[in-house]
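Only one structure is covered here, and it is reproduced in the block below.
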Amino acid sequence: MTLLHIIYLVAITAEAMSGAIMGMRRGMDLFGICMLGTVTALGGGTARDVLLGHYPIGWIAHPEYLGFTVGAAIVTALVARHMHHLRQVFLLVDGLGLVAFTVIGCGVAMDMGAHLSIVVLAGVITGVFGGLLRDILCNRVPMVLRRELYATVALFTGVLYVTLLWLGIDTSIASLATLCAGFLFRVLAMTFQWQLPHFQERDIRGLD
Amino acid sequence: MTLLHIIYLVAITAEAMSGAIMGMRRGMDLFGICMLGTVTALGGGTARDVLLGHYPIGWIAHPEYLGFTVGAAIVTALVARHMHHLRQVFLLVDGLGLVAFTVIGCGVAMDMGAHLSIVVLAGVITGVFGGLLRDILCNRVPMVLRRELYATVALFTGVLYVTLLWLGIDTSIASLATLCAGFLFRVLAMTFQWQLPHFQERDIRGLD
Amino acid sequence: MTLLHIIYLVAITAEAMSGAIMGMRRGMDLFGICMLGTVTALGGGTARDVLLGHYPIGWIAHPEYLGFTVGAAIVTALVARHMHHLRQVFLLVDGLGLVAFTVIGCGVAMDMGAHLSIVVLAGVITGVFGGLLRDILCNRVPMVLRRELYATVALFTGVLYVTLLWLGIDTSIASLATLCAGFLFRVLAMTFQWQLPHFQERDIRGLD
């Protein structure tokens, strides 16, 4: 049981809780809350596995992951009213999860011998697609496409991880260094509200 | 041609008609109506097959299914104005379809040697994803996440079916018993408007 | 490098630009714009490959395609304000892309020995799913389900292509003839605003 695996289990639990909270906000019933939590937590890895043709996909090979996400969603539904002081903790665990998901996603694509650009992309997809699918199920434009350095953190994490491995650095060391650097980047991005450039209506008048 | 197969063909026809009606409500053109009907009818099995890596997926191995769904959608578009007295019939066939889809989905995963929890989940996905994808295409929060004992009926059906088979009961008898019990559960849920618990805004103030 | 391949590269570039413009309209950031452009350009082929179980999917076997789409999206974000006089050009290239995507999609399914109805459908999916996924990410009912002879052009293109090959006509000649006929159909449909039948509320009162 590696550190990365432990972080992964903590991360899918936290992602499932945040998905469950959004489901509650949308007035979903208990099934919807469990499903939204599970999609948020496992959707990124699922999208990656389906796109790479990497079967069996993660939660089918490890059904116990579903136990974590459904359990987390149910607990959240029951105790949510007492959780509002945990917002900061959620954001931090979510950031850690983003980085861990990305590193794990890169590893899966690398083991399949994919091109380095695909390895990085597989990491980004693993990191951000859970939230993207959650937002689609909640009928809103995915947050990750609109603001915050979130996908960018995943991209930075993937590029750094691939670079370190390419430099011949030991996998476990590269993973740890990438986790720390990516997490730091995410925390700084949240603290200082860094954003990618947006574009004004005047940039595109007359188009589309 | 088993009873289950006959029920399946009746069910995808009815699902395609209900999907077509929703497409008409959304002002879709004839192509949109045919596609929405087909997605509603075959989307659940498609999602299951893609997630399980079960190729070729159902309607590619049996293109005739597309004939049923597209034909049903076109007929619906033409005669919809005369169908409003069939609403009750639709709800009953839809309920029967939900249960049949679930039993069939469990069977597919079981034949692949999946873990029992995945067998049940494959049944639920087969039962509910058609309507979920239909609602996403119609740009609304999927009904199945919000209310009615619909997914719950699929879950009950899957658990019952797996349990009966686990007890060593003959497949055809287990299928028939599960179809009857699941359908009865669905009818009762509709009749008495049973619902899963929802959660109030006060439960989650300050969160997300 | 066949003519079809050159048209394909031009088409994914144009589709990526149109997707990027829609992302700008939705106030997406640079990542969102790149991703929406890529999904618009490559989403159709991706959906086809996943549904057919045709691995590795196109852009994983040819990562350079991602270079075209991401590059096109970034350029669009930078120069969009100077592009509003190119609207007509976009519509024409988009129409050419629709036809090229469809022909390519039919070819992939045919090489896999799929049933002719699946070959045609694979072409239609390749042609229209990029825009469909783009619209879902933009949280709106997919345009292709609502109006314009767009999917119909893909259907016509696929049927014509399959028919010509079935008649024993050489592939390259059949491709060229289909490209010309399909493109002409699309241009005429746009020029004269041909539409498929829609249905009025009165057709469906009391239903759904």
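When segment C:134-143 is filtered for residues that are part of a helix (DSSP H, G or I), modelled with pLDDT of 90 or more and touching a Gly at 6+ places or on another chain (Cβ under 8 Å), only C:R134 remains. When segment B:151-161 is limited to residues that are open to solvent by less than 40 Å² (accessible area, probe 1.4 Å) and more than 8 Å from chain A (Cβ to nearest Cβ), the one that is farthest from A:M28 (Cα to Cα) turns out to be B:Y161. With respect to the conditions (1) farther than 21 Å from A:A114 by Cα; (2) part of a helix (DSSP H, G or I), C:G113 falls short on a single one, namely (2). For segment A:25-37, a residue qualifies if it is open to solvent by 10 Å² or more (accessible area, probe 1.4 Å), at the interface with chain B (Cβ under 7 Å from one of its Cβ atoms) and not in a loop (DSSP other than H, G, I, E, B), and the qualifying residues are A:R25, A:L30, A:F31, A:M35.
One line per residue, one yes/no per condition, for (1) more than 14 Å from chain B (Cβ to nearest Cβ); (2) farther than 16 Å from C:G105 by Cα:
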{"position": "C:R146", "(1), (2)": "no, yes"}
{"position": "C:T163", "(1), (2)": "yes, no"}
{"position": "C:S175", "(1), (2)": "yes, no"}
{"position": "C:L184", "(1), (2)": "yes, yes"}
{"position": "C:L188", "(1), (2)": "yes, yes"}
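Here's the yes/no breakdown for (1) more than 9 Å from every other protein chain (Cβ to nearest Cβ); (2) more than 30 Å from A:Y55 (Cβ to Cβ):
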{"site": "B:A14", "(1), (2)": "yes, yes"}
{"site": "B:I21", "(1), (2)": "no, yes"}
{"site": "B:T46", "(1), (2)": "no, no"}
{"site": "B:G53", "(1), (2)": "no, no"}
{"site": "B:T69", "(1), (2)": "yes, no"}
{"site": "B:A80", "(1), (2)": "no, yes"}
{"site": "B:V89", "(1), (2)": "yes, yes"}
{"site": "B:G97", "(1), (2)": "yes, no"}
{"site": "B:V103", "(1), (2)": "yes, no"}
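The numbered conditions (1) touching a helix residue (DSSP H, G or I) at 6+ places or on another chain (Cβ under 7 Å); (2) facing chain C (nearest Cβ under 10 Å); (3) closer than 21 Å to A:L52 by Cβ are all true for A:H115 except (1). Beta carbons closer than 6 Å, at least 6 apart along the sequence or on distinct chains, never pair a first residue in segment C:130-141 that is at the interface with chain B (Cβ under 8 Å from one of its Cβ atoms) with a second that is acidic (D, E). When C:L164, C:L179, C:L145 are checked against the criterion of being open to solvent by less than 60 Å² (accessible area, probe 1.4 Å) and touching a residue at least 60 places away in the same chain (Cβ under 8 Å), a single residue qualifies: C:L179.
Whether a residue is part of a helix (DSSP H, G or I) and either open to solvent by less than 40 Å² (accessible area, probe 1.4 Å) or within 24 Å of A:L3 (Cα to Cα) (or both) was assessed, and A:V99 passes this test.
The residues of segment A:1-23 that are farther than 26 Å from A:S175 by Cβ and surrounded by 24 or more Cβ atoms within 10 Å (Cβ to Cβ), listed by number, are A:A20, A:I21, A:G23.
Taking the criterion of being open to solvent by 10 Å² or more (accessible area, probe 1.4 Å) and within 17 Å of A:A181 (Cα to Cα), the only residue of segment A:108-123 that qualifies is A:V120. Just a yes or no: is a residue in segment B:74-90 over 24 Å from B:A109 (Cα atoms), under 16 Å from the mean Cα position of the chain (by Cα) and in contact (Cβ under 8 Å) with a residue 40 or more places away in the chain? Yes, that holds for at least one residue.
Within segment A:144-168, the set of residues being over 18 Å from the mean Cα position of the chain (by Cα) and either more than 18 Å from A:H115 (Cα to Cα) or outside any helix (DSSP H, G or I) (or both) comprises A:L167, A:G168. Here C:S18 passes the criteria (1) part of a helix (DSSP H, G or I); (2) at pLDDT 90 or above; (3) of a type in the set (S, T, Y) except the one numbered (2).
Okay, residues lined up against (1) open to solvent by 20 Å² or more (accessible area, probe 1.4 Å); (2) at pLDDT below 95:
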residue: C:V39; (1), (2): yes, no
residue: C:G44; (1), (2): no, no
residue: C:L52; (1), (2): yes, no
residue: C:I60; (1), (2): yes, no
residue: C:Y65; (1), (2): yes, no
residue: C:H85; (1), (2): yes, yes
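Restricted to segment B:190-208, and to residues there that are within 13 Å of another protein chain (Cβ to nearest Cβ) and open to solvent by 80 Å² or more (accessible area, probe 1.4 Å), the residue that is modelled with the lowest pLDDT is B:D208.
The values are calculated or read from the model by the stated rules, or taken from the named source; none is laboratory data. Please read all numbers here as calculations on a predicted model, not as lab measurements. Ideal geometry is used to build each Cβ from the backbone, glycine not excepted, and the neighbour counts take in all protein chains shown. All accessible areas refer to the heavy atoms of the entire protein, side chains included, with ligands and DNA or RNA removed. Shrake-Rupley method; radii C 1.70, N 1.55, O 1.52, S 1.80 Å.
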